[in-house]
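Structure first, commentary second.
Please treat every number below as a calculation from the coordinates, not as lab data. Remember, predicted model here, so these are calculated numbers, not experimental data. No Cβ is skipped: glycine too gets one built from the backbone with ideal geometry, and neighbour counts run over all protein chains shown.
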Amino acid sequence: MKVFSNTAISLDGRINTREGRFHFFGTPRDHARMSRLRAEADAVLVGGATFRNWPHPSLPDAVDRKLLRGRPWNVVVTRTLDVPLTPDFLGEAAIRPLFLTRAASLPKDFPAEAEGWSGEGAHLPVGWMLEQLARRGVERLLVEAGGDLLFQFLAADALDEMHVTLCPLVAGGRAPSLADGAGFDFADLRRLRLLGAEQEGDELFLRYAAIGKGGNR
Ligand SMILES: NC(=O)c1ccc[n+]([C@@H]2O[C@H](COP(=O)([O-])OP(=O)(O)OC[C@H]3O[C@@H](n4cnc5c(N)ncnc54)[C@H](OP(=O)(O)O)[C@@H]3O)[C@@H](O)[C@H]2O)c1
């Protein structure tokens, strides 16, 4: 399975402001690129916090929908399953919602497709998430999660590519970043290779391949 992420960050690496409400950092050009990446994916995955901020379908814009290979899965990863279940998400015929959660959080009458992790610990392992998607035929996964889940994908060496839009903004403060979690020590820093960089207006569109561990080389 090819796994790629897409994130719009401020110059200081933040993905939102300290207020935490839903904001889009990028311009319409960034939005158009996001739309094309969504059109290339069989599944778009977010974490519970990102979904609570935007509990709506993740679909390409109408102009790109013809590129879809089928109805994309919209995957929400959540320990608590304390997420809004909006009619426009559950009832959108163009997507297939899927919730990945702990077995203990999953009620029998949950109104959407869901898988419960019954192993030890509260964290669903990234490998288990990918298994659930591979079983459903997913070959191209777009991760649109925040820094909590993105860190876990990086730590599991489960990301092939990262698309990062560097936006001409500074957020500061206690705001989530591209990768949060426990953080890496120097020897474990995840290293990436720049595959492409394009400037449009004041934004830089960067595409990286993840190549594993290692500080300065
Ligand atoms: N600028 C951008 O491109 C961009 C992209 C995405 C998000 N954002 C913003 O980033 C912020 C959210 O950041 P975040 O890092 O908190 O979001 P996140 O990684 O998308 O979501 C974190 C949540 O995901 C669930 N989760 C994480 N790891 C899990 C695991 N191993 N097993 C089960 N559940 C797990 C938990 O949900 P529960 O709490 O439900 O249990 C956790 O609270 C929001 O403000 C959002 O708008 C910005």
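Which one is surrounded by the most Cβ atoms within 10 Å (Cβ to Cβ), of the residues in the range 31-50 that are farther than 19 Å from Met1 by Cβ and touching a strand residue (DSSP E or B) at 6+ places or on another chain (Cβ under 8 Å)?
Ranking the candidates gives Met34 first.
I'd like the residue in the range 27-56 that is within 15 Å of the ligand (Cβ to nearest atom) and either among the hydroxyl-bearing types (Ser, Thr, Tyr) or in a loop (DSSP other than H, G, I, E, B) (or both) and, out of all such residues, is farthest from Ile95 (Cα to Cα).
Within the range 27-56, the match that is farthest from Ile95 (Cα to Cα) is Thr27.
Check off (1) surrounded by 14 or more Cβ atoms within 10 Å (Cβ to Cβ); (2) closer than 15 Å to Ile15 by Cα; (3) out of contact with any Asp or Glu (no Cβ under 8 Å at 6 or more places or on another chain) for Arg174 and give me the number that stays unchecked.
So Arg174 meets the others, but not (1).
Could you list, ordered by first residue, the pairs with Cβ atoms under 7 Å in which the first is in the range 153-169 and of a type in the set (Ser, Thr, Tyr) and the second is in a helix (DSSP H, G or I), at least 6 apart or interchain?
Matching pairs, first to second residue: Thr165/Asp30.
For (1) surrounded by 13 or more Cβ atoms within 10 Å (Cβ to Cβ); (2) touching a residue at least 24 places away in the same chain (Cβ under 8 Å), each residue gets a yes or a no:
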| position | (1), (2) |
| --- | --- |
| Leu90 | yes, no |
| Leu100 | yes, yes |
| Leu106 | yes, yes |
| Glu120 | no, no |
| Leu130 | yes, yes |
| Val138 | yes, yes |
| Val143 | yes, yes |
| Asp148 | yes, yes |
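Does Leu192 meet the test of being outside any strand (DSSP E or B) and among the aliphatic types (A, V, I, L, M)?
Taking the combined requirement at face value, the residue does not satisfy it.
Anything in the range 190-205 that is over 24 Å from His31 (Cβ atoms) and exposed (fewer than 14 other Cβ atoms within 10 Å of the Cβ)? List them, or say none.
Passing the criteria: only Arg193.
Could you please give the count of residues in the range 12-26 that are under 23 Å from Asp160 (Cα atoms) and either among the charged types (D, E, K, R) or more than 11 Å from the ligand (Cβ to nearest atom) (or both)?
Counting residues in the range 12-26 that are under 23 Å from Asp160 (Cα atoms) and either among the charged types (D, E, K, R) or more than 11 Å from the ligand (Cβ to nearest atom) (or both) gives 1.
Name the residues in the range 113-131 that are touching a Phe, Trp or Tyr at 6+ places or on another chain (Cβ under 9 Å), within 14 Å of the ligand (Cβ to nearest atom) and not small (Gly, Ala, Ser), would you?
Glu115, Trp117, His123, Leu124, Pro125, Val126, Trp128, Met129
Look through the range 174-201, keep the residues that are touching a residue at least 60 places away in the same chain (Cβ under 8 Å) and more than 16 Å from the ligand (Cβ to nearest atom), and return whichever of them is nearest to Ala156 (Cα to Cα).
Glu200
Could you tell me whether the range 152-159 includes any residue that is surrounded by fewer than 16 Cβ atoms within 10 Å (Cβ to Cβ), out of contact with any Leu (no Cβ under 7 Å at 6 or more places or on another chain) and not hydrophobic (A, V, I, L, M, F, W, C)? Working first, answer last.
Of the residues in the range 152-159, the ones surrounded by fewer than 16 Cβ atoms within 10 Å (Cβ to Cβ) are 156-157.
From what is left, the residues that are out of contact with any Leu (no Cβ under 7 Å at 6 or more places or on another chain) are 156-157.
Filter once more, keeping what is not hydrophobic (A, V, I, L, M, F, W, C): 157.
There is at least one residue in the range 152-159 that is surrounded by fewer than 16 Cβ atoms within 10 Å (Cβ to Cβ), out of contact with any Leu (no Cβ under 7 Å at 6 or more places or on another chain) and not hydrophobic (A, V, I, L, M, F, W, C).
Test each condition in (1) touching a residue at least 40 places away in the same chain (Cβ under 8 Å); (2) under 20 Å from the mean Cα position of the chain (by Cα) for Val83 and report the one that comes out false.
That leaves (1) as the condition not met.
Counting only residues that are in contact with a Leu (Cβ under 8 Å, 6 or more places away or on another chain), in a loop (DSSP other than H, G, I, E, B) and more than 15 Å from the ligand (Cβ to nearest atom), how many does the range 63-106 have?
Within the range 63-106, residues that are in contact with a Leu (Cβ under 8 Å, 6 or more places away or on another chain), in a loop (DSSP other than H, G, I, E, B) and more than 15 Å from the ligand (Cβ to nearest atom) number 4.
Can you tell me which of (1) part of a loop (DSSP other than H, G, I, E, B); (2) under 19 Å from Arg71 (Cα atoms); (3) of a type outside the set (Asp, Glu) is the one Gln132 doesn't meet?
The single condition Gln132 does not satisfy is (1).
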